[in-house]
1. Quick one: which residues, 5+ away or cross-chain, put their amide H under 5 Å from the amide H of Tyr469? H built at 1.01 Å from N.
2. Mind checking the dipole of segment 42-184: about its Cα centre, +1 per Lys or Arg Cβ, -1 per Asp or Glu Cβ, Debye to the nearest 20?
3. From the phi of every residue in segment 315-332, what ³J(HN,Hα) in whole Hz does the Karplus formula 6.51 cos²θ - 1.76 cosθ + 1.60 yield, where θ is phi - 60° and glycine or proline is x?
4. Can you tell me how much longer the chain between Asp165 and Arg453 gets when fully stretched, taken as 0.36 nm per residue apart minus their C-alpha distance, in nm with one decimal?
5. Given a Förster distance of 25 angstrom, what is the FRET efficiency for Lys379 paired with Asp418, based on the Cβ-Cβ distance and rounded to 0.05?
6. So what's the net charge close to Leu288: Lys and Arg +1, Asp and Glu -1, counting the other residues with Cβ under 12 Å from its Cβ?
7. Provide the gained length on full extension for the span Leu218 to Glu194, in nm with one decimal, where the gain is 0.36 nm per separating residue minus the Cα-Cα distance.
8. For the chain, give the magnitude of the charge dipole about the Cα centre (Cβ charges: +1 Lys/Arg, -1 Asp/Glu; no others), in debye to the nearest 20.
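All of the numbers you see were taken from the coordinates with simple rules; none came from a lab. In this text, all values refer to a predicted model and were calculated from it rather than measured experimentally. Don't worry about glycine lacking a Cβ; one is built from the backbone with ideal geometry, like all the others, and counts go over all protein chains shown.
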Amino acid sequence: MDRLITLEPSNVVVIRVEQGQKCTGKLTLRNVMYTMPVAFRLQPVNKLRYTVRPQSGIIYPLTTVTLEIIYDLPPNSTLPESYPYCGDPFFLHSVVVPGAGVKSSCNDSVPSDWFTTKKKQVFVDSGIKIMFVGSMVIAKLITNGSIDEIRDVLEKSDPSWKAVDSVDSEGQTLLHLAISQHRADLVQVLLEFEPDIMARAQSGSTPLEAAVASGEGLIVELLLAHRAVTERVEPSAYGPIHLAAGSGHVDILKLLLSKGVNVNELTKDANTALHMAVEGRRRDCARLLLTSGAETNICNGNGDETPLHIAAALGDDNMVKLLLQKGANKNIINRFKKTAYDVANEHGHTRLFSVLGLGDSLCMAATKGDIRTVNKLLKGGVAINGEDQNGWTVLHRASFMGRTDVVRVLIKNGVDIDARDEYGYTALHCAVESGHVDVLELLVKRGADVEARTNKGFTAMEIAESLNYAGITRVLADGNKTGGKSGVGMSPMKKRSTQARAIRGSFDRSASPLTVI
């Protein structure tokens, strides 16, 4: 026989340490003798730090006694000197006491000389170990990134106290701490113990909101797999989708959208994710939101601004064009009765004037062939190379409409004769598509690049050949030479436009910017 007493359930005493609270753990001793009582005494070597109650007593055959071990936390400390494991030794003495009887208390005070008399066989067990757990302990382990120790503490903590929902001294949950450490592996361990996934830090954010704001895509994926709520929940000012869009985290935004988050969900002050993306100049996020069904014309609660108003105020050319291309209404007014053009004007963003306002008048005049109005607008400062949402300049439109006089005026005023739209089309391509020889000859004479190719590699000559425009092909073949009109009869304008649209599909256009305003 090598021992009289066993330790249950193990030889590890788990002591929960919390500042301002009694720090205690329990140890259960079992007498393994079938017929004899056993006396015990448990002594800590560090008697200033530990108190045992009861320190000694008698355990009757095959029964147990539970001891309370009290730890005295050092003054002004929130943590023991060593954690979670501690090397402080304890000695458990045990001895058979046949004359103790069977009706005495199991917690009787036992004379100390019972454990020193040479006539008795005294067993000494020094294998008792101390493990410290508690909010501050586990929070510190998270900060240190000690995965094995974290798992051990969570497994050995008393189930009545849900250790995984601990918070540190600043109100941070364990999940928030792991996220701040950028440690997806720690988050995964914590999730195994089923924490409150919606618990808020003192700052008010949920773990998902914190992970999204930090751009932690893998952690976001883990939290979503454990059914983290994707919608904005009071009292949060922003939902996950707003945080992702405003911070430019495209991959996270895709994850949220794949989980069915409401793309038009509002922040506390009535902004959508699109408002946030535009304000943060996050073009990729804005494009993704628009592709996913984001409304372009929702007014927020901060001045009743649409995303277009915000983009205009920032002078973000590309964002303005993107919004207009996706159907943004530039005529909506905010509560100050201002359109997006008015807002751009207030902020001095003159390069936006054409696409938001004055350019409409210029395009309309050019479309109608109204030379007088075209000249007036150009003298008034309208941007001659301003583009619409499809990248069309007024020269593209005048060339497509066959307004030779307008084209001549535009060239005289320094228009970019080889400007390209988003499909790579120049004014020369437009004139060829619509079959306007006069415009074509003028453009070629003034130096238009006859070899310019669309994004898919087609020259004006190849477009003319596909449309069987023999006269146009001859003009193009002559390159920059000047000459008279080809004399080849062309079909009416309506027929030419119909043919061009039919051919266009084999080139580059899926959505026609050629609509006449």
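1. none
2. My answer is approximately 560 debye.
3. x, 7, 4, 5, 5, 4, 5, 4, 5, 5, 4, 8, x, 5, 8, 7, 9, 5
4. Stretched out fully, the Asp165 to Arg453 stretch lengthens by 97.4 nm.
5. On the way: r = 24 Å, r/R0 = 0.98.
Step by step, r from the Cβ atoms, then E = 0.55.
6. Surrounding charge for Leu288 is +3.
7. 6.8 nm
8. Values: 58 positive and 57 negative charges, 220 e Å.
Once rounded to the nearest 20, the dipole reads 1060 debye.
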